[in-house]
1. If we count every other residue with Cβ under 14 angstrom of LEU100's Cβ, Lys/Arg +1 and Asp/Glu -1, where does the sum land?
2. Which whole-Hz ³J(HN,Hα) couplings does the range 13-28 yield from phi under the Karplus relation 6.51 cos²θ - 1.76 cosθ + 1.60, θ = phi - 60°, glycine and proline marked x?
3. Relative contact order of the range 43-163: what whole-number percent is it, with Cα pairs under 8 angstrom and at least 6 residues apart?
4. Whose amide H sits under 5 Å from the amide H of VAL4, counting only residues 5 or more places off or on another chain, with H placed in the peptide plane?
5. For MET67, MET47, MET1, which order do you get if you count the other beta carbons within 10 Å of each Cβ and list the fewest first?
6. Run lengths n ≥ 4 of DSSP H only: what is the helix-derived mean residue ellipticity at 222 nm for the chain, with -39500 (n - 2.57) per run over all residues, to the nearest 500?
7. Which whole-Hz ³J(HN,Hα) couplings does the range 94-100 yield from phi under the Karplus relation 6.51 cos²θ - 1.76 cosθ + 1.60, θ = phi - 60°, glycine and proline marked x?
8. Through the Karplus equation 6.51 cos²θ - 1.76 cosθ + 1.60, θ set to phi - 60°, convert the phi angles of the range 206-219 into ³J(HN,Hα) values in whole Hz; use x for Gly and Pro.
Amino acid sequence: MFVVLLGAPGSGKGTQAKIVSAELGLLHLSTGDLFRAAVRERTPLGMLVQDYLDRGELVPDSVTVAMVREALSRQGLMRGVILDGFPRTLAQAQALDAALEETGKRIDLAIYLDVKDSVLIARLDSRWHCPNCNAVYGAGENAPLKRGTCDRCGGQLTQRSDDRPDVVRARLDEYFRKTVPVIEYYRQRGVLREVNGDQSVKDVASEIVAAVEETLAQAHR
Ligand SMILES: [Zn+2]
């Protein structure tokens, strides 16, 4: 079972991937986590990634794809995988399909967390971080009890530079430019499911779980 989770920054994709993978016993494969682990463990790919980051360049598709392939080959006996943060571009989606095809597998389900632009911007604008204990806060149910202060340790909250309003719009524009073709790609293959991401975290999670279970049931029919 291979599930791709697509969603803009601020769509709650990472949170959902964690909840849903735990609930369904699927491996949560986040490319962000893979990059950080490879850099920390100084693997050959990790050192390559570090070179790009040191130069302030984007990690090229070929390196990202190699890292995901390596992780998938270690996947072993897991029931399936939820991919989070990958594929981000059409080229990555095609490379992923080619890699899976070699092992007789394919993407069974692509879930797109659809969230209105105005909601994304509001969520990203309200994303704060505690430099003291690394707690992360957001809007609504994830907001700190007292504005600007960490609930856990009382530290003063700061905003990540890429969550500042002027940068947020540019991040979203870039996301949609690159990822809309990925969404269309999965739609054409008949595996796309759109989930309304404006709902509560719990409701979004149960819709995703239902979609995955439905796909599993169809596969076993
Ligand atoms: Zn704190």
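Taken together, the values in this text are just the output of simple stated rules run on the coordinates, not laboratory data. Predicted, not measured: the structure shown is a model, and the values here were computed from it. Here Cβ is always computed from backbone atoms with ideal geometry, including for glycine, and neighbour counts include all displayed protein chains.
1. -1
2. Residue by residue, the range 13-28 yields 4, x, 4, 5, 4, 5, 4, 5, 5, 5, 5, 9, x, 9, 6, 8 Hz.
3. Computed value for the range 43-163: 14 percent relative contact order.
4. LEU83, LEU109, ALA110, ILE111
5. Ranked by crowding around the Cβ, least crowded first: MET47, MET1, MET67.
6. After summing the helix terms and dividing by residue count, I get -16000 deg cm²/dmol.
7. For the range 94-100, the Karplus-derived couplings read 5, 5, 5, 4, 4, 5, 5 Hz, x marking Gly and Pro.
8. These are the phi-based 3J(HN,Hα) values: 6, 5, 5, 4, 4, 5, 5, 5, 4, 5, 4, 5, 5, 5 Hz.
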